[in-house]
Structures are given as structure tokens and as C-alpha cells.
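Engineer: Before I ask anything, let me first share the structure, which is written out below as C-alpha cells.
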Amino acid sequence: MKSTIAALVALLVIGTSSFVNADEVAEITITADKLTFAYDIKEFTVKAGQKVKVTLVNPKDSQNLQPHNLVMSKKGSLAEMIGAANNPANFSNPEFLKNPIPETDLIVRHTKLLKPGESETLEFTAPEEAGDYPYLCTYVGHAAIMNGVMKVE
Ligand SMILES: [Cu+2]
């Protein structure tokens, strides 16, 4: 009986496309492009307070052999984050090249720098406040084009 109810509930959820169950885990896999500095997913939407798993994949057959990361930051902070990542002082700092995480309190969470063939999953609870929460790659020179938005609704 329980499973019948669960099946009915599942059907109702499928039938009502605007309704997203906040108890469901939103799983998003973002893959770095093999040729250019870009993510394949520029935007995704989650519910406020929803459990989220975001995986960054740097494909092992990457042709540009670039390392990439995924840095998630505070609501509406994309321009400031690009500025922080592209601070010219970073580019001549060998430590920054190894772990390119700019010093700013705008960062909420981030992956490590992933080489081709590596991936990492960030697990978290989406913010309660609706809005556009940016993510970007802070490796030298990537931030301005390698970014996207997690929309919280
Ligand atoms: Cu990158």
C-alpha cells in the first residue's frame, strides 16, 4: 500500500511540471569544455532549502589540458568574483596558480583545482533566499567566460 501511494505521488509530481519537490536532491553535473574555457551548463535552478549535489567533471580527453575548478559565491557577486579572480597580482603568484582561490569572503564553497580526468562533487543545502548565485572557474584567465548561475527560487 505504501508503495502504491508513493507511485501515485510520483505520478502527481511528474504531472505537475512546475512543482519541484524540495525534499528531492537536485543533482547537477557540469562538464568543462574540451577545447575552450567554458562549462557546458551555464544555468540551473533549485528550490530554496533544497539539497543539492553539484559535480564538476574535467574530461579526461580534454584537448586543451586545462585545469579547472568550480567556485560558488554569494548572491549577485559574479562581477566582483571575476574581478577577484583576475586580479593581476594573482597572475605572477606561483601559489595562486597551484590553488587559484582568490582571497575574498564572497566565496561560499569550491572544488579543488581539477586536472583532466578528475571530478569533484559539492554537496550543500541551497540558500533560503531566492536569487542568482554565481559559479565560476577562478583559474587564471578563465573567470570572465567560464561561469554560470545557480538560480534559487
Ligand atoms: Cu577553468
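Engineer: Quick one: in the stretch 63-86, which of the residues that are of a type outside the set (A, V, I, L, M) and more than 26 Å from Phe124 (Cβ to Cβ) is farthest from the ligand (Cβ to nearest atom)?
Structural biologist: Our first condition is that a residue be of a type outside the set (A, V, I, L, M); within the stretch 63-86, this holds for 63-64, 66-69, 73-77, 80, 83, 86.
If we keep only those that are more than 26 Å from Phe124 (Cβ to Cβ) as well, we get 63-64.
Values: Gln63: 14, Asn64: 9 Å.
For the stretch 63-86, the residue satisfying everything is Gln63.
Engineer: Looking only at the stretch 95-153, which residues are within 16 Å of Ile41 (Cβ to Cβ) and polar (S, T, N, Q)?
Structural biologist: Thr111, Ser119, Thr121, Asn147
Engineer: Continuing with this model, one more query. Out of the residues in the stretch 130-141 that are within 16 Å of the ligand (Cβ to nearest atom) and under 15 Å from the mean Cα position of the chain (by Cα), state the one that is surrounded by the fewest Cβ atoms within 10 Å (Cβ to Cβ).
Structural biologist: Tyr139
Engineer: Same structure again: Please count how many residues of the stretch 115-153 are part of a strand (DSSP E or B) and within 21 Å of Pro88 (Cβ to Cβ).
Structural biologist: Count: 2.
Engineer: If you go through the stretch 93-114 one residue at a time, do you hit one that is within 14 Å of the ligand (Cβ to nearest atom), within 21 Å of Val149 (Cα to Cα), basic (Lys, Arg) and part of a loop (DSSP other than H, G, I, E, B)?
Structural biologist: yes
Engineer: Considering the stretch 74-129 alone, what residues qualify as being surrounded by fewer than 16 Cβ atoms within 10 Å (Cβ to Cβ), acidic (Asp, Glu) and closer than 17 Å to Val57 by Cβ?
Structural biologist: Glu123 - this is the single residue of the stretch 74-129 that is surrounded by fewer than 16 Cβ atoms within 10 Å (Cβ to Cβ), acidic (Asp, Glu) and closer than 17 Å to Val57 by Cβ.
Engineer: Quick one: which residue in Ala126, Ala144 is closer than 19 Å to Gly76 by Cα, more than 13 Å from the chain's Cα centre (by Cα) and at pLDDT 95 or above? Write out each step before concluding.
Structural biologist: Working: Ala126 fails: more than 13 Å from the chain's Cα centre (by Cα).
Exactly one of Ala126, Ala144 is closer than 19 Å to Gly76 by Cα, more than 13 Å from the chain's Cα centre (by Cα) and at pLDDT 95 or above, namely Ala144.
Engineer: For the stretch 20-62, how many residues are within 15 Å of the ligand (Cβ to nearest atom), over 19 Å from Phe124 (Cβ atoms) and touching a residue at least 40 places away in the same chain (Cβ under 8 Å)?
Structural biologist: The total comes to 8.
Engineer: Going by what's in this entry, would Val108 be described as in contact (Cβ under 8 Å) with a residue 24 or more places away in the chain and touching a helix residue (DSSP H, G or I) at 6+ places or on another chain (Cβ under 9 Å)? Don't jump to the end; show me each part of the working.
Structural biologist: On the way: in contact (Cβ under 8 Å) with a residue 24 or more places away in the chain: yes; touching a helix residue (DSSP H, G or I) at 6+ places or on another chain (Cβ under 9 Å): no.
The answer is no for Val108.
The values are calculated or read from the model by the stated rules, or taken from the named source; none is laboratory data. This one's a predicted model, so the numbers in the text were calculated from it and none came from an experiment. Positions of Cβ are backbone-derived with ideal geometry, glycine not excepted, and every protein chain shown enters the neighbour counts.
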